[in-house]
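Enquirer: Before we start, here is the structure in question, set down as structure tokens.
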There are 2 protein chains.
Amino acid sequence: MQSTMQDVPLTVTRILAHGALVHGDATVTTWTGDGEPLRRSFREVAERSVQLAHALRDELGVTGDQRVATLMWNNSDHLEAYLAIPSMGAVLHTLNLRLPVEQLVFIVNHAADRVVLVNGSLLPLLAPLLPHLPSVEHVIVSGPGDRAPLEGCRPRVHEYEELIAGRPVSGFDWPQLDERQAAALCYTSGTTGEPKGVLYSHRSVYLHAMEVNAASAFGLTPADTCLPVVPMFHVNAWGLPHAAFMAGTSLLMPDRFLQPAPLADMIAAERPTVSAGVPTIWAGLLAELDARPRDLSSLRTVISGGSAAPPAMMRGFHERHGVRIVQAWGMTETSPLGSVAYPPAGLSEEEEWPYRVTQGRLPSSVEARLAGPGGELLPWDGKSAGELEVRGPWIAGAYYGGAAGEPLRPEDKFSPDGWLRTGDVGTITTDGFLTLTDRAKDVIKSGGEWISSVELENHLMAHPDVAEAAVVAVPDEKWGERPLATVVLKDGSSADYAALRAFLGERVARWQLPERWASVVTVPKTSVGKFDKKVLRKQYADGELEVTVLA
Amino acid sequence: MQSTMQDVPLTVTRILAHGALVHGDATVTTWTGDGEPLRRSFREVAERSVQLAHALRDELGVTGDQRVATLMWNNSDHLEAYLAIPSMGAVLHTLNLRLPVEQLVFIVNHAADRVVLVNGSLLPLLAPLLPHLPSVEHVIVSGPGDRAPLEGCRPRVHEYEELIAGRPVSGFDWPQLDERQAAALCYTSGTTGEPKGVLYSHRSVYLHAMEVNAASAFGLTPADTCLPVVPMFHVNAWGLPHAAFMAGTSLLMPDRFLQPAPLADMIAAERPTVSAGVPTIWAGLLAELDARPRDLSSLRTVISGGSAAPPAMMRGFHERHGVRIVQAWGMTETSPLGSVAYPPAGLSEEEEWPYRVTQGRLPSSVEARLAGPGGELLPWDGKSAGELEVRGPWIAGAYYGGAAGEPLRPEDKFSPDGWLRTGDVGTITTDGFLTLTDRAKDVIKSGGEWISSVELENHLMAHPDVAEAAVVAVPDEKWGERPLATVVLKDGSSADYAALRAFLGERVARWQLPERWASVVTVPKTSVGKFDKKVLRKQYADGELEVTVLA
């Protein structure tokens, strides 16, 4: 029996119209460094979005679901692109300006972007790539920055302000969109292989924005001002721009001023209530605040995601600056909102910490399961560690794939029944709190059980003689894999492997204890400072480590 | 270009699974009067829902989209029906126990309900109707109350607890549902004509629950306890049961204890943080609290909807008991969440009041327009009054209609392009605040403009000599309609019509001033105390009023 409710699609077009009409007086403030911030009302932003749509269609000939790329900081022009491009049926392709240039070239070509909107300050990055981007016919430049790098380039060059000036601010005949139609495209930077595109739908963007606005997620309201420090080229700034336009939440846009000092200044001056970004940013801000305190009392919630937030940093914000950091988990493939770590009600501050350092609880639209080493489903008992698999209306079911754009479902990323394999290993408690412990590729698969390398490392690094420790899986004839513990001992330490193993033995199950031990001068690291376990595995395979095997 | 996101339907089944798994420790507390409240965890409620689904299918043979009715108070058994019945693909038909019995008979027959779940205390209402309900094969009785009224009745009678006892608490093979499939059915009581069914879909229930949980709506979180005073037979208790199970919000269920004293007692004892109900309930509670104060400090938000909340009542709660009443607007056809009246940020308490007495702002999923007397669309300027028309994924597009169940789209309820005509007349400001002033049928259509009868009445009743005033439209050869003012003068008053008209003339535009005046002993009222303007119009038409016409 079909219901008799109206069949109205969930679209970005609706978000645009709603923000303009019901919350037209909300504001978008873009930081300009030392100058006066640029302030626009939602009404103006919406009108300029309509002008941009007119310009893209009438002047540049963008039709159908062509891709329009942005290489921009967080600012109000970028927000206009966020609203106009999907609403006109085209696909917003946000370019991550921190990608290696060869990957940028790859993804622009793969997406066949026809137009690139770019901030003037980023022309030195874009201009040298243009000869390698044959699909790009138009470059639209917005904001300050020398235009010289574009001189003599092949695509037509437009100034954003000139391009939209004088065009109608209303009356664009937005197409009737199917909510499952593509709205935005974001490539994962993936440590191995080519970048893979996640093609968000109007439905997924809309539902995700609704969830962002849930009181148990980020809870945006018209009384809030939101500072998205997370870049708009990074998983759509975690959905905050669309969510804010939906909720009537004023936005404070940092533009390119992402250094600790200007961030502290803009928070003190503009008094945002909610912010979101990666732990590195917050760690930098904390150091700045410790050195030169500012008034951060406006912030009710600061979301930290992208990687685990160090508890000491969370405590530092809380105890020294009265700012509450809330952990959240997600990834490009999950739009990204996967879980948010609010503690249960009625706990003391100290009782809350064990919950606040988890990844938190999943919303109803994100279904989760834990898959063990053999693919079997594990219980939610807070102990059984498995790979987290998720399912839901804003979770990717495939990548925007091969040369012809056909969907791509690599086996290591999608289960046969269509769930996303997150590549994260963790546990879930009976009351729904997710704790991620390892990347699946770093887990040691020993005799049909998993051993957490991160857990062994954390215990080892708690030993007073250990400066650093990295644990990797090495092949083992009997068990498949076993852990190899590599340690950096502190100067003058006298600990031997047997003592370290005994220390571990008091903290983990006996079958998890490493037999193989090696000393290293330093743990090899990636360019972003993470342990580079590939290198260690190769050193072991190549016989470059001096390994002691304990009986 | 289709996106590559997963195509996962929005269903009640998901809400059920989520509440059980992620928020299994949240509780449903059902008030029992003087006894110990009945407490069940979400996990238990979910398990019992599975048992109920097994019982309905395996024992009672409920299949497909058959209708299962409930005639129940707000309690945890009713919540189990809310979760189990839609999840198994059947349709939950909530019966309004305050309907006239002939309407109850009509709607059970129209829906062809196969099963009725009923609270024991309501058997005196149901039993006499059963001979007139040929489709009902099973009656399931839950909770206290004499079973004698059912003796000798035709349908098979089951005890709820006996029926579900011993059945599996997991492993029900829930069907794969299309999200547009019907989930629940609720008939509007409609003052004229037969009741009309609104057939909610899984999609509409799910999206509506998400919006209820938005921070700018009711904002339920796991830290809240919600007391739905609004009955679960009244537009699904405004979506709160499903929203609470989605958000992990504990529920306090009042069962049949809806009188002011037990409500005050249960709030003081169980400390809910959010509640929702109609103004009559809150007015009664306020009188009770003024007489015998209780600790209501747990309540952060009390939603009032169904009809306009008297400002004096809102102020009384605020000033004397520290409770914040928030107005919301909706109707059966809108699921019901249409708008919520939170004031803008940064205002003083006094500045907030003009916003708090409006119907508030609409969420992004509810699109609104104002249609003038000739159907033309009116601006949102806070002045132009038109009939509110709405559109959105949880707004009805038709009624569950005629004898064969085909969709019914009466012209006075749906525009040709499918929008719902709410029958409410009002204005919307530039910043999106909706104020409803009249029912469309009570507005005076004079020369292509509308005159608000409610506005004229309110002004007249502010005159010191006027006890009551009712203004109705009467036919006029020149203007189509003109206002007739009927007044009840206070004892000993000396005011004449010319003086009253002059009084009005200082407050409204000249063309709105009534020419026709009549005195009445009392304004005729409906059974719920509203002015009965039908009667006045008929008295005028029949020449029963002594009308003075002012030049």
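The values are calculated or read from the model by the stated rules, or taken from the named source; none is laboratory data. The model shown is predicted, which means the values in this text are computed figures rather than measured ones. Because the Cβ atoms are built from the backbone with ideal geometry, glycine has one as well, and the counts that use them run over all protein chains shown.
Enquirer: Against the conditions (1) away from chain B (no Cβ under 14 Å); (2) in contact with a Lys or Arg (Cβ under 6 Å, 6 or more places away or on another chain), where does A:Thr30 fall short? Just the number, please.
Expert: Condition not satisfied by A:Thr30: (2).
Enquirer: Which of the residues spanning the range B:210-232 are assigned to a helix (DSSP H, G or I) and more than 8 Å from chain A (Cβ to nearest Cβ)?
Expert: B:Val212
Enquirer: Out of the range B:424-439, which residues are away from chain A (no Cβ under 14 Å) and either without any contact (Cβ under 8 Å) to a residue 12 or more places away in the chain or surrounded by fewer than 18 Cβ atoms within 10 Å (Cβ to Cβ) (or both)?
Expert: Matches in the range B:424-439: B:Arg439 only.
Enquirer: To continue, here is another question. Criterion first (on the phi < 0 side of the Ramachandran plot, buried (at least 23 other Cβ atoms within 10 Å of the Cβ) and in the same structural domain as A:Lys196 (by TED's automatic domain parsing)) does A:Leu79 satisfy it?
Expert: yes
Enquirer: Another question, if that's okay. Of the residues B:Ala183, B:Ala209, which is under 26 Å from the mean Cα position of the chain (by Cα) and within 30 Å of A:Phe245 (Cα to Cα)?
Expert: From the options B:Ala183, B:Ala209, the qualifying one is B:Ala209.
Enquirer: Looking at (1) in contact with a Gly (Cβ under 9 Å, 6 or more places away or on another chain); (2) more than 13 Å from every other protein chain (Cβ to nearest Cβ), which one does A:Val169 not meet, given that it meets all the others?
Expert: Among (1) in contact with a Gly (Cβ under 9 Å, 6 or more places away or on another chain); (2) more than 13 Å from every other protein chain (Cβ to nearest Cβ), the lone unmet condition for A:Val169 is (1).
Enquirer: State which residue is surrounded by the fewest Cβ atoms within 10 Å (Cβ to Cβ) when the search covers only the range A:141-154 and only residues that are in contact with a helix residue (DSSP H, G or I) (Cβ under 6 Å, 6 or more places away or on another chain) and not small (Gly, Ala, Ser).
Expert: A:Pro144
Enquirer: Something else now. So which residues in the range A:172-203 are more than 9 Å from chain B (Cβ to nearest Cβ) and either without any contact (Cβ under 8 Å) to a residue 60 or more places away in the chain or surrounded by fewer than 17 Cβ atoms within 10 Å (Cβ to Cβ) (or both), if there are any at all?
Expert: Within the range A:172-203, A:Asp173, A:Pro175, A:Gln176, A:Ser189, A:Gly190, A:Thr191, A:Thr192, A:Gly193, A:Glu194 qualify.
Enquirer: Taking A:Pro354 as the residue in question, decide whether it is outside any helix (DSSP H, G or I), on the phi < 0 side of the Ramachandran plot and without any contact (Cβ under 8 Å) to a residue 40 or more places away in the chain.
Expert: no
Enquirer: Moving on to the next point. Restricting to the range B:233-253, give me the number of residues that are out of contact with any Pro (no Cβ under 6 Å at 6 or more places or on another chain), in a loop (DSSP other than H, G, I, E, B) and surrounded by 24 or more Cβ atoms within 10 Å (Cβ to Cβ).
Expert: 2
Enquirer: Of a type outside the set (Phe, Trp, Tyr), assigned by TED's automatic domain parsing to the domain that holds B:Lys530 and in contact (Cβ under 8 Å) with a residue 24 or more places away in the chain: does that describe B:Glu387?
Expert: Judged against the criteria, B:Glu387 is not a match.
Enquirer: Separate question: In the range A:203-243, what residues are out of contact with any helix residue (DSSP H, G or I) (no Cβ under 9 Å at 6 or more places or on another chain) and polar (S, T, N, Q)?
Expert: Residue satisfying the conditions is A:Ser204 alone.
Enquirer: Another question, then. Under 8 Å between Cβ atoms, which residue pairs at least 6 apart in sequence (or on different chains) link something in the range A:498-525 that is under 21 Å from A:Glu481 (Cα atoms) with a partner that is small (Gly, Ala, Ser) and surrounded by fewer than 18 Cβ atoms within 10 Å (Cβ to Cβ)?
Expert: Correct list of pairs: A:Trp511/A:Gly447; A:Leu513/A:Gly505; A:Glu515/A:Ala551.
Enquirer: Name the residue, out of A:Ser365, A:Ser307, that is touching a residue at least 24 places away in the same chain (Cβ under 8 Å), of a type in the set (Ser, Thr, Tyr), outside any strand (DSSP E or B) and more than 14 Å from chain B (Cβ to nearest Cβ).
Expert: Of A:Ser365, A:Ser307, the one residue that is touching a residue at least 24 places away in the same chain (Cβ under 8 Å), of a type in the set (Ser, Thr, Tyr), outside any strand (DSSP E or B) and more than 14 Å from chain B (Cβ to nearest Cβ) is A:Ser307.
Enquirer: Also, quick follow-up: Only one of these conditions is not met by B:Pro128: (1) within 14 Å of chain A (Cβ to nearest Cβ); (2) within 30 Å of B:Gly33 (Cβ to Cβ); (3) part of a helix (DSSP H, G or I); (4) of a type outside the set (S, T, N, Q). Which number is it?
Expert: Status for B:Pro128: all satisfied but (1).
Enquirer: Examine the range B:9-25 for a residue that is assigned to a helix (DSSP H, G or I), of a type in the set (Lys, Arg) and more than 14 Å from chain A (Cβ to nearest Cβ), and state whether such a residue exists.
Expert: no
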